[in-house]
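Notes for the one structure printed next.
What follows is calculated from the coordinates using simple rules that are stated; it is not laboratory data. Note that this is a predicted model, so its numbers are computed, not measured. Ideal geometry is used to build each Cβ from the backbone, glycine not excepted, and the neighbour counts take in all protein chains shown.
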Amino acid sequence: MFYLLLICTVLYLFFIIFIISGLFKHDILKISHLENLPFVSVVIAAKNEEDNLSHLIDDLIKQEYPLNKFEIIIVNDRSSDSTSDILKKTSENYSFIKTIEIEKKSETMTPKKFAISQGIKMAKGEVIIATDADCRVGKFWISSMTYSIINKNGIIIGYSEIKENLGTFFEKYQKIDFLAILIANAGAAGWNQYWSGTGQNLAYYKKDFLKIKGFEPVKNDISGDDMYLVQSISKLKNGFIHIDPNSYVKTKALTSIKEFINQRTRWSSNSKSTYRTTPFFLLFLITSFTQNFLILLSLLFYQHLLSFFLIKFLFDTLVVYLGAKLFNRKFHFEVYLIWAILQPIYIPIIGILGLRGKFSWKP
């Protein structure tokens, strides 16, 4: 047990040092005036989003980007609520907002990928910017993401965070957990290893989407569209972690632990395909899972091995602290402490559920 935990800890510390050093390698773009602005298509898939869509649309119509240089395409994926009515009214009032109604489930591709594909197919823009229907964006969001893609010419991975509505501990926990995931991705990206991103804030060229054959290679995967795009387009060209508060996106916190476990399990299920595309990422996931599982066993049965948990805790703290500083976000130690203590339980459970595919998703 001791030697196995020692090997896993050494491997884990290697990855932590890899991530920390990568955080220091990022360029911070200073946004300035652009000439010859490209035409941009903002593509959003929506299913039963009557409670959220109006807020996002309000944000999008206030964008500080020339109206003749962008369009908004919202794909209504068989919604059973008033989403369709909201979109119809909106498109009548704003000519640059276009809608697509999907009435039947695709027989050849999973629903969200099909919805996004239909939106991109209709898009006139050379640049595609994507977010989710339950997100909020600032008025310089399009300008900032567009500036980044013009300067870096690959896939732009924007920052996204959990919005605290009630200020509960559960919301704060989700926020630190989501931040930790983004920090790991940012650290790897510093070494040109693009593991993943969030579909809540991505920008890429339409021609690059077509070059990788769209979602065709992963058409039967329930989720993971964002991971696939990041890995595929970054290999085709390159990638870039865009760090600019003007481009940051906020998303609503989940309201129950059941929803949270289900979402993280769905994300975890994507790891099954990483052996083909990013084996280094897969090794990190295996190392993290094994180390946390062994630490849990040591806490239960081998208390004299507690030092391994303390080593992990110290290095994880350094990673999250430096990552929060990079993205200019506050580091709440009291929330982080609970999050870190729960990791040896949380990671093995989510990993096992993800491998077994024990999650639900919008049909």
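Over the chain, DSSP H runs of length four or greater, each weighted -39,500 (n - 2.57), average out per residue to a 222 nm ellipticity of -17000 deg cm²/dmol. At q = 0.10, 0.17 Å⁻¹ the log10 of I(q)/I(0) for the range 277-363 amounts to -0.33, -0.88, computed by Debye summation with a single uniform scatterer per C-alpha, solvent ignored. Mean-square fluctuations from a GNM of the chain, with a 10 angstrom spring cutoff on Cα atoms, peak among 167, 190, 138 at 167.
If you build a Gaussian network model of the chain, linking Cα atoms that sit under 10 Å apart, which residue out of 229, 11, 53 swings the most? Comparing 229, 11, 53 in a Gaussian network model of the chain, the most mobile one is 11. Placing one equal scatterer on every Cα of the range 169-298 and applying the Debye formula, the log10 ratio I(q)/I(0) at q = 0.14 Å⁻¹ is -0.72. Dipole magnitude for the chain: about 700 debye, using +1 per Lys or Arg Cβ and -1 per Asp or Glu Cβ, origin at the Cα centre.
Among the listed pairs 207/250; 163/258; 25/325; 105/237, which are separated by more than 22 Å between their Cα atoms?
Listed pairs above 22 Å: 207/250; 105/237.
Across all directions, the shadow cast by the convex hull of the range 264-314 built on its C-alpha atoms averages 4.3 square nanometres. Net charge near residue 23: determine it from the other residues with C-beta under 15 Å of the C-beta of residue 23, scoring Lys and Arg +1 and Asp and Glu -1. Net of charged neighbours comes to +1.
Bridging of residue 69 to lysines at a Cα separation below 17 Å is possible for 98, 124, 139, 206, once same-chain residues fewer than 8 apart are set aside. Of all DSSP beta bridges confined to the chain, the antiparallel ones make up roughly 25%. Here's the picture: charge each Lys and Arg Cβ at +1 and each Asp and Glu Cβ at -1 in the range 213-356, and of 291, 328, 317 the one pushed furthest to the positive end of that dipole is 328.
For residue 134, nonlocal amide neighbours, meaning residues 5 or more places apart or on other chains whose placed amide H falls under 5 Å from its own, do not occur. Treating the angle as unsigned and between 0 and 90°, give the value, to the nearest 10°, between the Cα long axis of helix 279-301 and the longest Cα principal axis of the chain. Tilt relative to the chain: about 50 degrees.
Between 0 and 90 degrees, the angle of helix 2-23 with respect to the longest Cα principal axis of the chain falls at about 40 degrees. Just checking the listed ones, 335, 127, 42: in the Gaussian network model of the chain with Cα springs under 10 Å, the one fluctuating most is 335. Shape analysis of the chain yields a ratio of the Cα radius of gyration to the Kirkwood radius, Rg/Rh, of 0.97. Count Lys and Arg as plus one, Asp and Glu as minus one, and take only other residues whose Cβ is under 15 Å from that of residue 345; the net charge is then 0. For the range 37-95 versus the range 308-363, the inter-centroid distance based on Cα atoms is 33 Å. The share of alpha-carbon pairs in the range 17-96 lying farther apart than 15 Å comes to 67%. Mind checking which aspartates and glutamates have their C-alpha under 12 Å from residue 152, skipping anything on the same chain fewer than 8 residues away? Within the straight-line cut-off, residue 152 pairs with 27.
Principal semi-axes of the equivalent ellipsoid, √(5λ) from the alpha carbon gyration tensor of the range 138-220, are 26, 16, 14 Å from largest down. An oblate overall shape is assigned to the range 211-260, the ratio a/c of its alpha-carbon gyration tensor axes (a ≥ b ≥ c) being 1.5 or greater and a/b not exceeding b/c. Binning the C-alpha pair distances of the range 38-151 at 5 Å intervals from 0 yields a P(r) profile of 2, 12, 24, 25, 20, 10, 5, 1, 0 %, listed from the shortest bin outward.
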